[in-house]
Amino acid sequence: MSGLLWTLNDVTLPGTERPRLEGVSCDISTGVTAVIGYSGAGKTSLLNLLAGFERPTRGRIERRFDDTGQRLPLYWVPQEDGLWPHETAAEHLQILAAGIADAPARVEKLLSEFDLIDKSDVVPDLMSQGERARLSVARALAGGAAVLVMDEPLVHVDPARADKYWRVLRNHLTQTDTSLVIATHSPETVLREAEHALCLKDGRLLHQGPVEALYYRPETPELAQFLGAANWLPPQEAQQWNVASPPESPCLRPEQIEIRPIAESPLVVETAHFSGSIEEVELLNEDSHMRRTFFHRPAENRLRRGARVAIHVCLLFLAALLSPGCDKDDEPLLKVLEVNYWMSPPMGAKIPRPRGLGIGDNDEVLCLDNGGRLLVFDEHGKLLRQWEMPEHIIGKPEGVCLLADGRIAVADTHYHRVVYFDEIGNVLSYQGSEGREDGQFLFPVAICQDDAENIYVCEYGGDHRIQKFTAAGKHLLTFGTFGTGDGQFQRPSGIVWDDGRLYIADAINNRVQVFTDSGKFIEVLGEKTGGLALEYPYDVALDRSTKSLYIIEYGAGRVTKTNLAGQLLGRYGKTSRENDGFLKPWGLAIDSQHRLRIADTENHRIVELKL
Amino acid sequence: MSLAEACGWTLLRSLIVAACAVPLCFAIRRRLLTARGRRRTLLWGTVLTPFFAPDMLVGYGYYNFSLSLIHHPLLNELFYAALVFFKVLPVGTVIAVCTPHPPISPQALYCRRLAITADASPWKRFRELAGYYVRGPYRAALPAAVLMFLLAFQEFELVSLVNATSWTVWLFDQQAQGLPINTTLRYDLIPTGIQAAIVIAMIPLILKSRRAAGNRDAPRGAVSPVVGPLLWCLLVTGCTLLWFIPVGILSSGMADGLVVLRRNPRLFKEIAVGLGMTLEAAVPAYGFAALLLPAALNRPGQKLRAAVAILAGLPGLFGGLTLGLTTLSLFQTEALYRWYDTPLPWWGALVLWLLPRAMLLQVLLAAARRREPIHLAELLQRSGSPPQRRRARPVLWRLRYQGHYWAVVLLCWWSYLDPTLPSLLRPSGLDPAPMRIYNFMHYGQAGGLSAMLALTVLVPVLLAAALLPAARFVAPLYDRLIARSR
């Protein structure tokens, strides 16, 4: 399903003291749309209208997706769960799953994924609020509806487990091509889940547009606040606080600035409140006697009252602002001779999305997808063989590498291990278990091997680190911690080795970092050559013959080519569903014939670029 | 005994019954709100069962017992008061559960008490807290107290059979002995005036309570462990007194009387008359109450409907006897006399008598019903998949229609078993079975009478169960009709 879901035209809903919605006009597209606003903004009212639970007293709502065939067109998760008091948990799901293929298995799976197995025979009255919230979401997924409308789903679930359930929901949306409209006042949820945003305040629509634009380029400070803490610094204020003025937007998010202690500075820390992911720092400018609160994202709680500091703006983020997903005219284009692609093979009724790529013997393409499969294609895209991971209910693997001894190593991310297969898919061995100790893993995501056959594994759970092992699995080295500083990572999701150096895609920090293969930090790729703007680099590959690095950017939907010093040599692609770009690409690999293979994830295909 | 004495005695008894029942209603309410699953269902069943015991069954069961207390009138009065107590307790409990929380919560009240210094005099403490108690817990108790008082005050069928004292018996006897209707009505002004004063004082308070409702209950402190078992004992006692013992007495003599049923085919016709009039009155009463429901729910812009609801519901609040006598008097006027010997007076009075009950049932159903689960079932019903649509139908029946079905059944049950209105208003030749059997009861217990009573009470129960599948079949058709018309 593509295109528009709803068109609203001057929609109004009355309230007691003021209208709950007033003159709301907007389009709601397929994909994930977040309706954001504080309490009383009108989120629930808008979702009630979309779900058909209420009707506007003025204006029109046009629904554009009624013809969904045998599929349930729409389902709803109301704020107050809306469960049927006389039905047990299992019965709720069975009712919605009626007539769907494999209904009993689907029900069982959903109960398991939402940790409701032991509540299967229990009615809602005997469940906790969190359990009811989970059941309400599970019920909506059971029906297989084309569009889901969810009013603050999972808000009553403890945060420690909510991520897991969001993952289930996310996977469902992608696997079944379902669109979702959610109401939330949590910026983290919006940033993590949504593509489009509608901002409401006092019943009026303030803004609609892509989430990314709202996050990085909001038009006003008020809009900036919808997605969490922001430092709003128009040019004069930036100057007063000795901050390099951002060219496009006065909005700097916490991860875009760093407040570092320095010996001499007119800026003095008055208070600093560290809350884990963000630090709220009140600074006094001794020269102007002005005070102001800043938000930044340090790796640890370092600032103390009285410390003198300077505010640094992360160049890479500035660079990302300068090129928000589109090629600038003055950037070199990557010369591509030919573009081919092949669709991911179906898995039953589903078409899984490819994620991790590697190159096998004879330039075979090894592909991991979100169906839990490892597919082996020949160099022309013909499927030679495939097998499924031993387990993949909890999650799917994300990294694959052909080792020198012929084994295929797969970073089995959600099972916290590395699985070794032979060339036809027999499991040879497992390495690791869940944990933070050396030799254990938390969400391993990428693998590479050096010429000495040492294996490097990147992880993004817990410490965001790299571990080094011998080919036999003996632990040699661990390096890297979570953070934004040099040598720190936020999701190291791609790695390649060359000549004693490791090039590691540091996705959330929007950079590639260079280390020695003994774990010593060398540099951020590109910082000595004028900077390299990247948007969520998810994977990196090396063309050994030309010593060129290729970086796939999940956020920008493109491939970037650099030399080993990080000098930009060319870019190709943009965020696109067509043949001129990619949509949230995850992985890439390059074979001996200089053919780039790209896992164009959201487009369900593997793209070949002949260079 | 004079009317004034009878009124005074009834007033005293009703006040004591209501006052004793109120704290118990709220104690049971706390248990009901915290109980879950089967325990909750069992508790509700035990609470409500005594209320559904037909007065004529209870009175018949204890007829001989109350006669044995003829030389101990005080004991008989106490016994009757106990029966009435257990009869009205379920009503008070339901009202207590559904009454909006007062604007001053127990926590708020406690905070106010903490703010009074330890050295404050008792008079100062009373002065500062009185208003809070009135706006707080006492306000929450008033609707339950008033309704229980009214039911106890206007009770007639049971008191008549157990030979206790009541203004209703006094008035009915006077009218039966030939007192002109206008004189009877003048006598009726006293008890009606007492009830009217209370009802009229309560109406604005109830309407205000809905607007000023407070927050949800918060967990309270620890309750004595003795309370739970005591409450269960009380509830089981009610069920025993009002059901098990009378049914036991009825059953004991019934076997010999079964032959009477064969020899009395007229009974079946009278049962049919009773059921027919019941349905003809209950369904319109429920429908009319449904039209007035938005007023009861205090939606904006419904002031006219609210006024009509109050006016229409008032006559039924004064009990069957007052309503019957008033209707009788009206249909003896020149304007309406030609309708006197028709079913119209009986039907009209029955509808008016049922109307406040129908409105209460509608309000209770609306309070228990949540719109979101119903809408979610409707969404499923619009699926393109036939299996999903099929699964949605029983869910919708359960959520949307089942409550209405049993509410109408309940109205039919009450109207069918009422002997007062038909005694006063039925046309010649149209005798409903409950009325006739009630009249026979005043002459004592007998096997044949027991069998007739048993049949009379059983038939509507079996009919309600038999009609249920048909109702479940009709509801989806109605749904489809509505869906197509959209």
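In segment B:330-343, which residue that is assigned to a helix (DSSP H, G or I) and open to solvent by 70 Å² or more (accessible area, probe 1.4 Å) is nearest to B:Pro180 (Cα to Cα)?
Our first condition is that a residue be assigned to a helix (DSSP H, G or I); within segment B:330-343, this holds for B:330, B:337-339, B:343.
After this cut, where a residue has to be open to solvent by 70 Å² or more (accessible area, probe 1.4 Å) as well, the list is B:330, B:337-339.
Details: B:Leu330: 13, B:Tyr337: 16, B:Arg338: 19, B:Trp339: 19 Å.
Ranking the candidates gives B:Leu330 first.
Just to confirm my filter: which strands (runs of 3 or more DSSP E) fall fully inside segment A:58-157 and include at least 2 residues that are open to solvent by less than 10 Å² (accessible area, probe 1.4 Å)? Don't jump to the end; show me each part of the working.
Numbers: elements: A:58-63, A:74-77, A:147-151.
Where strands (runs of 3 or more DSSP E) fall fully within segment A:58-157 and carry at least 2 residues being open to solvent by less than 10 Å² (accessible area, probe 1.4 Å), they are A:74-77, A:147-151.
Restricting attention to segment A:516-528, does a residue exist that is surrounded by 22 or more Cβ atoms within 10 Å (Cβ to Cβ), within 22 Å of A:His296 (Cβ to Cβ) and touching a Phe, Trp or Tyr at 6+ places or on another chain (Cβ under 7 Å)?
So in segment A:516-528, the residues surrounded by 22 or more Cβ atoms within 10 Å (Cβ to Cβ) come out as A:525-526.
Retained after the next criterion (residues that are within 22 Å of A:His296 (Cβ to Cβ)): none.
The answer is no; no qualifying residue exists.
Got at least one residue in segment B:131-145 being buried (at least 20 other Cβ atoms within 10 Å of the Cβ) and under 30 Å from B:Tyr438 (Cβ atoms)?
Looking through segment B:131-145, at least one residue is buried (at least 20 other Cβ atoms within 10 Å of the Cβ) and under 30 Å from B:Tyr438 (Cβ atoms).
Would you mind finding the one in B:Pro434, B:Pro422, B:Pro427 that is open to solvent by less than 20 Å² (accessible area, probe 1.4 Å) and not in a helix (DSSP H, G or I)?
Working: B:Pro434 fails: not in a helix (DSSP H, G or I); B:Pro422 fails: not in a helix (DSSP H, G or I).
Only one candidate passes the filter, namely B:Pro427.
Restricting the search to segment A:344-373, which residues are open to solvent by less than 20 Å² (accessible area, probe 1.4 Å), touching a Leu at 6+ places or on another chain (Cβ under 9 Å) and assigned to a strand (DSSP E or B)?
A:Pro354, A:Gly356, A:Leu357, A:Gly358, A:Val365, A:Leu366, A:Cys367, A:Leu368, A:Asp369
Run down B:Ala465, B:Ala454 and say which single residue is part of a helix (DSSP H, G or I) and either touching a residue at least 60 places away in the same chain (Cβ under 8 Å) or within 14 Å of chain A (Cβ to nearest Cβ) (or both). It would help to see each step written out before you state the result.
Working: B:Ala465 fails: either touching a residue at least 60 places away in the same chain (Cβ under 8 Å) or within 14 Å of chain A (Cβ to nearest Cβ) (or both).
After ruling out the rest, the residue left standing is B:Ala454.
Answer yes if at least one residue in segment B:290-302 is open to solvent by 30 Å² or more (accessible area, probe 1.4 Å) and at positive phi, and no otherwise.
Yes, because at least one residue in segment B:290-302 is open to solvent by 30 Å² or more (accessible area, probe 1.4 Å) and at positive phi.
A quick yes/no check of all residues on (1) away from chain A (no Cβ under 14 Å); (2) more than 30 Å from B:Ala96 (Cβ to Cβ); (3) touching a strand residue (DSSP E or B) at 6+ places or on another chain (Cβ under 9 Å):
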{"residue": "B:Gln381", "(1), (2), (3)": "no, yes, no"}
{"residue": "B:Ser385", "(1), (2), (3)": "no, yes, no"}
{"residue": "B:Arg390", "(1), (2), (3)": "no, yes, no"}
{"residue": "B:Cys412", "(1), (2), (3)": "yes, no, no"}
{"residue": "B:Ser423", "(1), (2), (3)": "yes, yes, no"}
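What single numbered condition from (1) surrounded by 17 or more Cβ atoms within 10 Å (Cβ to Cβ); (2) closer than 20 Å to A:Gln449 by Cα; (3) free of Cβ contacts under 8 Å to residues at least 60 places away in the same chain fails to hold for A:Leu583?
That leaves (2) as the condition not met.
Search segment B:1-39 for residues being within 14 Å of chain A (Cβ to nearest Cβ) and open to solvent by less than 70 Å² (accessible area, probe 1.4 Å), and hand back the single one that is farthest from the chain's Cα centre (by Cα). Give the steps one after another, and end with the answer.
The initial filter retains those residues of segment B:1-39 that are within 14 Å of chain A (Cβ to nearest Cβ), namely B:32-39.
Then keep just the ones that are open to solvent by less than 70 Å² (accessible area, probe 1.4 Å); that gives B:32-33, B:35, B:37.
Numbers: B:Leu32: 19, B:Leu33: 21, B:Ala35: 24, B:Gly37: 26 Å.
Only one residue tops the list, namely B:Gly37.
Any chance you could count how many residues in segment A:382-395 are modelled with pLDDT of 90 or more and open to solvent by less than 30 Å² (accessible area, probe 1.4 Å)?
2
Going by what's in this entry, would A:Leu47 be described as under 23 Å from B:Arg398 (Cα atoms) and either surrounded by fewer than 22 Cβ atoms within 10 Å (Cβ to Cβ) or aliphatic (A, V, I, L, M) (or both)?
On the way: under 23 Å from B:Arg398 (Cα atoms): no; either surrounded by fewer than 22 Cβ atoms within 10 Å (Cβ to Cβ) or aliphatic (A, V, I, L, M) (or both): yes.
It is false that A:Leu47 is under 23 Å from B:Arg398 (Cα atoms) and either surrounded by fewer than 22 Cβ atoms within 10 Å (Cβ to Cβ) or aliphatic (A, V, I, L, M) (or both).
Pairs needed: first member in segment A:1-28, in contact (Cβ under 8 Å) with a residue 40 or more places away in the chain; second member anywhere, exposed (fewer than 13 other Cβ atoms within 10 Å of the Cβ) and small (Gly, Ala, Ser); C-beta distance under 8 Å; at least 6 residues apart or different chains.
none
For segment B:54-95, give me each residue that is surrounded by 23 or more Cβ atoms within 10 Å (Cβ to Cβ) and not in a helix (DSSP H, G or I).
B:Pro54
Do we find a residue being open to solvent by 10 Å² or more (accessible area, probe 1.4 Å), within 14 Å of chain B (Cβ to nearest Cβ) and either at pLDDT below 95 or under 29 Å from the mean Cα position of the chain (by Cα) (or both) anywhere in segment A:29-44?
Taking every residue of segment A:29-44 in turn, at least one turns out to be open to solvent by 10 Å² or more (accessible area, probe 1.4 Å), within 14 Å of chain B (Cβ to nearest Cβ) and either at pLDDT below 95 or under 29 Å from the mean Cα position of the chain (by Cα) (or both).
Tell me, please, whether a residue that is more than 13 Å from chain B (Cβ to nearest Cβ) and touching a residue at least 24 places away in the same chain (Cβ under 8 Å) can be found in segment A:62-85. If you could, list the steps in order and put the result at the bottom.
From segment A:62-85, those more than 13 Å from chain B (Cβ to nearest Cβ) are A:62, A:64; that's our starting set.
The next check asks that each one be touching a residue at least 24 places away in the same chain (Cβ under 8 Å); those that pass are A:62, A:64.
Scanning segment A:62-85 turns up at least one residue that is more than 13 Å from chain B (Cβ to nearest Cβ) and touching a residue at least 24 places away in the same chain (Cβ under 8 Å).
Can you find a residue in segment A:466-475 that is hydrophobic (A, V, I, L, M, F, W, C), open to solvent by less than 10 Å² (accessible area, probe 1.4 Å) and out of contact with any helix residue (DSSP H, G or I) (no Cβ under 7 Å at 6 or more places or on another chain)? Steps first, answer last, please.
If we filter segment A:466-475 for residues that are hydrophobic (A, V, I, L, M, F, W, C), which is where we start, we get A:466, A:469, A:471-472.
This time we only want the ones that are open to solvent by less than 10 Å² (accessible area, probe 1.4 Å), so: A:466, A:469.
From what is left, the residues that are out of contact with any helix residue (DSSP H, G or I) (no Cβ under 7 Å at 6 or more places or on another chain) are A:466, A:469.
Yes: segment A:466-475 contains one or more residues that are hydrophobic (A, V, I, L, M, F, W, C), open to solvent by less than 10 Å² (accessible area, probe 1.4 Å) and out of contact with any helix residue (DSSP H, G or I) (no Cβ under 7 Å at 6 or more places or on another chain).
How many residues does segment A:1-44 hold that are part of a loop (DSSP other than H, G, I, E, B) and hydrophobic (A, V, I, L, M, F, W, C)?
Step one: of segment A:1-44, the residues part of a loop (DSSP other than H, G, I, E, B) are A:1-3, A:14-20, A:30-31, A:37-42.
With the extra rule that they be hydrophobic (A, V, I, L, M, F, W, C), the set shrinks to A:1, A:41.
Qualifying residue count, segment A:1-44: 2.
The values are calculated or read from the model by the stated rules, or taken from the named source; none is laboratory data. Note that the structure is predicted; figures quoted are calculated from it, not measured. Heads up, the Cβs are rebuilt from the backbone with ideal geometry, glycines too, and the neighbour counts pull from every protein chain shown. Accessible surface areas use protein heavy atoms only, side chains included; no ligands, DNA or RNA. Shrake-Rupley method; radii C 1.70, N 1.55, O 1.52, S 1.80 Å.
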